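The values are calculated or read from the model by the stated rules, or taken from the named source; none is laboratory data. Owing to the predicted nature of the structure, the values given are computational and were not obtained by experimental measurement. Cβ: placed from backbone, ideal geometry, glycine included. Neighbour counts: every protein chain shown. Each accessible area value is taken on the protein alone, full model and side chains, heavy atoms only, with ligands, DNA and RNA left out. Shrake-Rupley method; radii C 1.70, N 1.55, O 1.52, S 1.80 Å.
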Amino acid sequence: MSDNSSRLRIAIQKSGRLSDDSIALLKAIGIKLNIRDRLLIAHSTNENIDLLRVRDDDIPGLVMDGVVDLGFIGENELEEKMLERQAAGKAADFEVLRRLDYGGCRLSIAVPTEFNYTGVQALEGKKVATTYPYLLERFFKENGVNAKAVMLTGSVEVAPRAGVAHAICDLVSTGATLEANGLQEEEVIFRSKAVLIQRADGELSDEKLALINRLVPRIDGVIQAKESKYIMLHAPKAYLEQVKSLLPGAENPTVLPLAGSEDTVAIHVVSPENLFWETMEKLKALGCSSILVMPIEKMMG
Ligand code: ATP
Ligand code: MG
């Protein structure tokens, strides 16, 4: 594989929890992709970009070894691989370009409901099954507990029932899997989201850096747009100040006259957050009407 290819290489998870959101983000920032399910490589048809579709475990190493330029990865996997490489005396250079708004989860220690958990010390001398032994060992060390991380790459949640370990340390989002397996979440040891990482800066060509510098603000624009709303309403002129103070981020709203009405104006504002029902009810109580809250697709500047 040549490192000096002029096409930007981006690693994404082939299939799993990060795949759909990562692809949706790439599409939202204007990258046209032709993804064939079974292929490792996907070429963009409108940008100098190739996607490398791999297991998420491989992504941190591909970036740190400079095989790809960018990677979408969960912070949990990234941190684990970083600790693993450090332990092996390997370089772990990379840069986090952006923390993203998906892939949220936590790495937690959970014990069977019959385990009398009184605190971290209750794990003393116990075996804990996990796919993240380095993160778990670090937690043990920081808490002065002498426990053993048992590495399992799958089915971690059945380890206690199978008699393989006393407890587990696994990724949790809703907690439904834990509950279904008679496990109780006790300690959150790491909170994670998906991030976009880049290989060490010095090794990237000017062309690639220029492309990255064009794409990253678009990611900001997509994330910002998802969190923002376009709000329109009719408001009584007499209560303009009160109405403004109820609208989040509306220091300088657009205020427009309404045809045929002396005492009512139209207000338009881009709000950095959603408008809650409670606020809409307060606006209505002030005499506002036609209150519309609309999604924004893209934002810039
Ligand atoms: P692969 O075959 O690529 O190795 P995997 O089984 O290791 O896949 P997934 O289960 O698809 O990985 O999870 C990928 C990442 O998604 C996790 O490392 C984590 O960052 C994130 N994630 C978000 N929510 C959850 C969750 N509830 N459980 C597990 N991972 C989650
Ligand atoms: Mg994996």
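Table for the structure above
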| item | result |
| --- | --- |
| Given (1) touching a Phe, Trp or Tyr at 6+ places or on another chain (Cβ under 6 Å); (2) away from ligand 1 (no atom under 16 Å from the Cβ), index of the condition residue 28 fails | (1) |
| Tally, over segment 95-134, of residues that are open to solvent by less than 80 Å² (accessible area, probe 1.4 Å), farther than 27 Å from residue 60 by Cα and either within 16 Å of ligand 1 (Cβ to nearest atom) or in contact (Cβ under 8 Å) with a residue 24 or more places away in the chain (or both) | 7 |
| Selection from segment 173-192 of residues that are more than 16 Å from ligand 2 (Cβ to nearest atom), touching a residue at least 60 places away in the same chain (Cβ under 8 Å) and either closer than 14 Å to residue 106 by Cβ or among the hydrophobic types (A, V, I, L, M, F, W, C) (or both) | 178, 183, 185, 186, 187, 188, 189, 191 |
| Hits in segment 282-301 - residues which are open to solvent by 40 Å² or more (accessible area, probe 1.4 Å), within 16 Å of residue 249 (Cβ to Cβ) and free of Cβ contacts under 8 Å to residues at least 60 places away in the same chain | 301 |
| Hits in segment 264-281 (condition: open to solvent by 50 Å² or more (accessible area, probe 1.4 Å) and free of Cβ contacts under 8 Å to residues at least 24 places away in the same chain) | 276, 277, 278, 281 |
| Total residues in segment 46-59, condition more than 11 Å from ligand 2 (Cβ to nearest atom) and in contact (Cβ under 8 Å) with a residue 24 or more places away in the chain | 7 |
| Residue, farthest from ligand 2 (Cβ to nearest atom), within segment 12-29, restricted to residues that are in contact (Cβ under 8 Å) with a residue 40 or more places away in the chain and open to solvent by 30 Å² or more (accessible area, probe 1.4 Å) | 28 |
| Tally of residues being surrounded by 12 or more Cβ atoms within 10 Å (Cβ to Cβ) and within 38 Å of the chain's Cα centre (by Cα) across segment 241-263 | 11 |
